[in-house]
Amino acid sequence: MTAQNVDLILFMGQSNMAGRGEASEAPKVQAGTAFEFRAISDPTKLYPLSEPFGVYENNEASGISEETKTGSMVSAFAMEYTPITNRMMIGVSCSKGGTSINLWQPDGAFLNDAISRYHTAASWLTDNGYTIKHKFMVWCQGETDADHGMAGEEYRTKLKRMIDAMVSAGLERCYIVRIGCHRDYPTLYDEIMLAQTDLCRTYSNAVLVSTRFASMAAEGLMKDPFHYTQKGYNITGADAGRNTALHITLNQEPQLYDPKSQSLYLSRK
């Protein structure tokens with residue numbers, strides 16, 4: 001692994017990206033392979049990536065601020081991602097629980113904050129001698145919009161609009177960890193899940209990298225109606241990290257088993 005060649009990744013979304021697991025049950029990232037850049041709390045150095053990832057990255061001015069990050073999928077993502085790419089991974093946290101896609105639209109405070117965090121991280125890395133090979137976002141969000149009854153087509157339009165803005169800001173694309181099912185109402189999130197799936201089938205800037213959350217309720221890996229145990233985050237993070245790395249290195253769309261449709265997900269791109 002060449003220390004000066006890195007991939008810069010923004011981890012964005014709501015609570016299942018922020019993480020509601022148990023940090024002590026997350027995998028320990030191998031030293032020197034993955035780091036967190038704290039664009040808000042200390043944009044002066046790299047920190048070894050650990051859980052709870054992003055716990056200090058609160059920006060009260062933008063509203064991306066919470067005190068409930070307890071353990072996420074990011075460490076498990078890094079554990080699978082870095083051996084395949086053979087590059088250091090630099091993670092930047094930008095997530096908040098309970099947020100609608102409406103809050104993540106272009107020119108709003110949330111997306112402006114995300115873009116600022118990206119530029120701050122990219123500038124620091126470049127200024128300190130690192131070469132950024134790839135730069136992209138990993139997204140997990142949509143439960144709140146499903147809870148509020150947003151139509152799938154509206155969600156799809158707004159998700160694409162957000163991704164377009166992030167690509168215009170300099171990112172390559174968005175890798176999507178699809179939301180799972182509500183524990184107690186298994187079909188409540190179907191429309192948003194389908195919107196995310198369909199967008200990734202045809203939109204060049206979005207790649208579906210995990211559907212594993214869809215099976216967590218059946219596997220007993222949900223801690224409440226909305227969130228997952230750390231084991232659930234570990235499984236999904238590893239799946240997403242592996243599929244993202246393979247897409248980066250091979251430029252091939254992932255082929256995923258979809259527990260929701262009980263069929264193989266295939267991109268049409």
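The values are calculated or read from the model by the stated rules, or taken from the named source; none is laboratory data. Model, not experiment: these values are computed from the prediction. Here the Cβ is made from the backbone with ideal geometry for all residues, glycine too, and neighbour counts use every protein chain on show.
This table checks each residue for (1) surrounded by 15 or more Cβ atoms within 10 Å (Cβ to Cβ); (2) touching a Phe, Trp or Tyr at 6+ places or on another chain (Cβ under 6 Å).
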{"site": "Q4", "(1), (2)": "no, yes"}
{"site": "Q14", "(1), (2)": "yes, no"}
{"site": "R20", "(1), (2)": "yes, no"}
{"site": "D42", "(1), (2)": "no, no"}
{"site": "Y56", "(1), (2)": "no, no"}
{"site": "S65", "(1), (2)": "no, no"}
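Inspection of the range 164-172 identifies at least one residue that is crowded, with 19+ Cβ neighbours inside 10 Å, in contact with a Pro (Cβ under 7 Å, 6 or more places away or on another chain) and of a type in the set (A, V, I, L, M, F, W, C). Taken together, the residues in the range 206-249 that are out of contact with any Asp or Glu (no Cβ under 9 Å at 6 or more places or on another chain) and under 15 Å from Y265 (Cα atoms) amount to 3. Residues that are over 16 Å from the mean Cα position of the chain (by Cα), farther than 22 Å from F77 by Cα and modelled with pLDDT of 95 or more number at least 1 in the following strands (runs of 3 or more DSSP E) confined to the range 186-269: 263-265. Cβ separations smaller than 7 Å between residues 6+ apart or across chains give the following pairs from the range 238-260 residues that are in contact (Cβ under 8 Å) with a residue 24 or more places away in the chain to residues that are among the acidic types (D, E) and part of a helix (DSSP H, G or I): A238/E80; G241/E80; R242/E80; A245/E80.
For the range 25-37, what are the residues that are over 17 Å from I132 (Cα atoms) and in contact with a helix residue (DSSP H, G or I) (Cβ under 9 Å, 6 or more places away or on another chain)? Of everything in the range 25-37, those that are over 17 Å from I132 (Cα atoms) and in contact with a helix residue (DSSP H, G or I) (Cβ under 9 Å, 6 or more places away or on another chain) turn out to be E25, A26, P27, K28, V29, Q30.
A quick yes/no check of all residues on (1) of a type in the set (V, I, T); (2) within 22 Å of F53 (Cα to Cα):
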position: E143; (1), (2): no, yes
position: D147; (1), (2): no, no
position: M150; (1), (2): no, no
position: T157; (1), (2): yes, no
position: M162; (1), (2): no, no
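Of the candidates L199, L188, the single residue that is farther than 27 Å from P27 by Cβ, in contact with a Leu (Cβ under 7 Å, 6 or more places away or on another chain) and surrounded by fewer than 22 Cβ atoms within 10 Å (Cβ to Cβ) is L199.
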